[in-house]
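Scroll down for the structure; my scribbles are underneath it.
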Amino acid sequence: MIGIINGPNLNLLGRREPEIYGYESLDDINNWLLDHVAGLGENGMIFVQSNSEGEIVTALQEMGFDQAVTGIVINPGAYAHYSIAIRDAIAALPVPVIEVHLSNIHAREEFRHKSVTAGACLGMICGLGKMGYALAVETLLSSR
Ligand code: DQA
C-alpha cells in the first residue's frame, strides 16, 4: 500500500495556472498513477487531498502509523515552503516519504526555491510533472 498526499490548491489542477501545472485534473493524474502502479504489481493506494495543514499532518500520521503503508508520496504545495509542522510529521514517521512538485520550484520565484519539508524526506523530485509521482512510487516499491 502506497499513500499519496496532495496539499492546498492541488484540487484545482487542470484549471489552476495550466501553463505551469498542466491541463490534467488531480483525478486524471491519480487514475494514471493507479494504472502505472498496477503494472508494477501494486494495487493498493490511498489518496488524500487537503487544503489544511492539520489535515495533512493527520493524514501523514494515519498512513505512517495506523495504515502502515510501504511509503508516502507528498506534494505539500505551498506548505513545502514554510510548514515546520508537516516537516516534523514526516520526520516522525517510520516509513519513507518522497516529496514531489509538478513544477520546477528552483526555476520560479525565489520564495519557492526553499523546501523546509524536503529535508525530512528520502528525496525530492520537481519539475517533471506527473512523472514525478510515478518515479517516487517506483522508488518506494523498489525498496520494499
Ligand atoms: C507545487 C509548487 C508550489 O510552490 C506551489 O505552491 C504549489 C504547487 C508544485 O507541484 O509545483 O501549490 O507544489
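The values are calculated or read from the model by the stated rules, or taken from the named source; none is laboratory data. Please read all numbers here as calculations on a predicted model, not as lab measurements. Reconstructed Cβ throughout: ideal geometry from the backbone, glycine too, with neighbour counts over all protein chains shown. Heads up: the accessible areas ignore ligands, DNA and RNA and are worked out on the full protein's heavy atoms, side chains in. Shrake-Rupley method; radii C 1.70, N 1.55, O 1.52, S 1.80 Å.
For TYR82, what residues show an amide H to amide H distance below 5 Å, using hydrogens built from the backbone and excluding near sequence neighbours?
VAL116
If you place +1 on the Cβ of every Lys and Arg and -1 on the Cβ of every Asp and Glu, how big does the dipole about the Cα centre of the chain come out, in debye to the nearest 20?
Details: 8 positive and 16 negative charges, 56 e Å.
My answer is approximately 260 debye.
State the three equivalent ellipsoid semi-axes of segment 26-87, derived from the C-alpha gyration tensor as the square roots of 5 times its eigenvalues, in descending order and whole Å.
23, 15, 9
Could you go through segment 55-65 in sequence order and give the Karplus-derived ³J(HN,Hα) for each residue, using 6.51 cos²θ - 1.76 cosθ + 1.60 with θ = phi - 60°, rounded to whole Hz, and x for Gly and Pro?
Result, ordered by residue: 5, 5, 4, 5, 4, 4, 4, 5, 5, x, 9 Hz.
If amide H atoms are built 1.01 Å from N in the plane of the peptide, which residues on other chains or at least 5 residues away come under 5 Å of the amide H of GLY71?
Those lying under 5 Å, H to H, from GLY71 are GLY3.
If I stretch the segment between GLN67 and LYS114 completely, what's the gain in nm (0.36 nm per residue apart, minus their alpha carbon distance), one decimal?
Computed gain between GLN67 and LYS114 is 13.9 nm.
Just to check, using Stokes-Einstein with a Kirkwood Rh over alpha carbon pairs, what's the diffusion coefficient of segment 44-144 at 20 °C and 1.002 mPa s in µm²/s?
For these conditions, the coefficient is 158 µm²/s.
Check which residues have an amide H placed less than 5 Å from HIS101's amide H, if you skip close sequence neighbours.
Answer set, sorted by chain and number: ILE125, CYS126, GLY127.
In sequence order, what are the phi-derived ³J(HN,Hα) couplings for segment 80-85 according to the Karplus relation 6.51 cos²θ - 1.76 cosθ + 1.60 with θ = phi - 60°, rounded to whole Hz, with x for glycine and proline?
4, 7, 7, 8, 5, 4
Using the heavy atoms of the protein chains and a 1.4 angstrom probe, tell me the accessible area per residue for segment 87-138 in square angstrom.
Roughly 45 Å² per residue, with all protein chains present.
With a cut-off of at most 14 other beta carbons within 10 Å, and DSSP calling the residue loop, which GluC sites (Glu not before Pro) in segment 57-144 qualify? Please list them. Don't skip to the end; give the middle numbers.
Details: sites: GLU62, GLU99, GLU109, GLU110, GLU138; in loops: GLU109.
The qualifying sites are GLU109.
Order the peptides 84-95, 19-30, 123-134 from the highest to the lowest mean number of other Cβ atoms within 10 Å of their residues.
Descending packing order for the listed peptides: 123-134, 84-95, 19-30.
Using the Karplus equation 6.51 cos²θ - 1.76 cosθ + 1.60 (θ = phi - 60°), what ³J(HN,Hα) coupling, rounded to whole Hz, does each residue of segment 23-29 give in order, writing x for Gly and Pro?
9, 8, 7, 5, 4, 4, 5
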